[in-house]
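Written below as structure tokens is the structure these notes are about.
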């Protein structure tokens, strides 16, 4: 059996370092074995035997249950006398040695529309270089696996979704969904000051990042307490805010346009009557999602987003808790996802324009 070239390089480098540390003994790589899904090995420190087995069911839940940790690029286990010792592979490397971690790739595709009515949407989204720009935005994530992002025809279903089948992970955005989104773009700046460009870029960014949130949680096996959909919304809002300053303000303001009917009604404080099963969806109600978006933004910068409270889009009793909500979100994302992000590259990416921010947003109707 063989292991991936990246893994083999790490193992070889680590063993060379181990040999250098113990020159009298030395070390050399033996034939490698590979572990498949649900495989495991047990090393008996009394008899110094290695046993290999396979679980009959999924083992993902054991990570938290047993307090297991990711060993990163690898580990070395060696015997000295009547004891076994373990050391992280990178800790065994000599100072200055560089090991390139295995990186997944992001593949993008604009699939030819099934419905001729979507041809203009297809051409428009390609002209904006939407997926190319989005791919670049995601480049700081150190993905260990490949991720596909595509625009597709969905046989009349207006949707965007993340899907994983075996080892294939895909974000798909339907042309039907894009058509609906572009039809909602206003012809001129709204009474709330949202420009046509913001009304396109904001919601489009929010949706793509929402589905990316699902992908990131899946790829890095991030534990989520509560609703997966709310967690994906939080991820998307947080990333948009990292653009900072007026750019973050424009993106959030544009994203809020997705909830324009709620914005129009919120000042009137209407009493809303809904059937009970309206609250049974795995997605929070649009009203809740709007208030959560506004609250996270206000918690990020109360001065920059002061208008959400001053204009009565966000109740003051909720606004008082928003700083704590944003801080909690920041702590969780930095702790759980931060180690998988190239910080220097992220700063570089956030400093560039995204999703054709300065190009005219001609609606396709």
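With each pseudo-label sitting 7 Å past Cα toward Cβ, what's the residue 58-residue 168 distance in nm, one decimal?
2.0 nm
Calculated FRET efficiency, residue 310 and residue 288, Cβ-Cβ r, R0 22 Å, to nearest 0.05?
Calculated value: 0.50.
Using a 10 Å cut-off on Cβ atoms, rank the peptides 104-116, 294-306 from the highest mean neighbour count down.
Order by mean packing, descending: 294-306, 104-116.
Subtract the Cα-Cα distance of residue 77 and residue 192 from 0.36 nm times their separation in residues, and report this length gain in nm to one decimal.
35.1 nm
In percent, how large is the relative contact order of the stretch 106-350, given Cα pairs closer than 8 Å and 6 or more residues apart?
Rounded, it is 18 percent for the stretch 106-350.
Any read-out appearing in this document is the output of simple, stated calculations on the displayed coordinates, not a laboratory observation. Note that this is a predicted model, so its numbers are computed, not measured. No Cβ is skipped: glycine too gets one built from the backbone with ideal geometry, and neighbour counts run over all protein chains shown.
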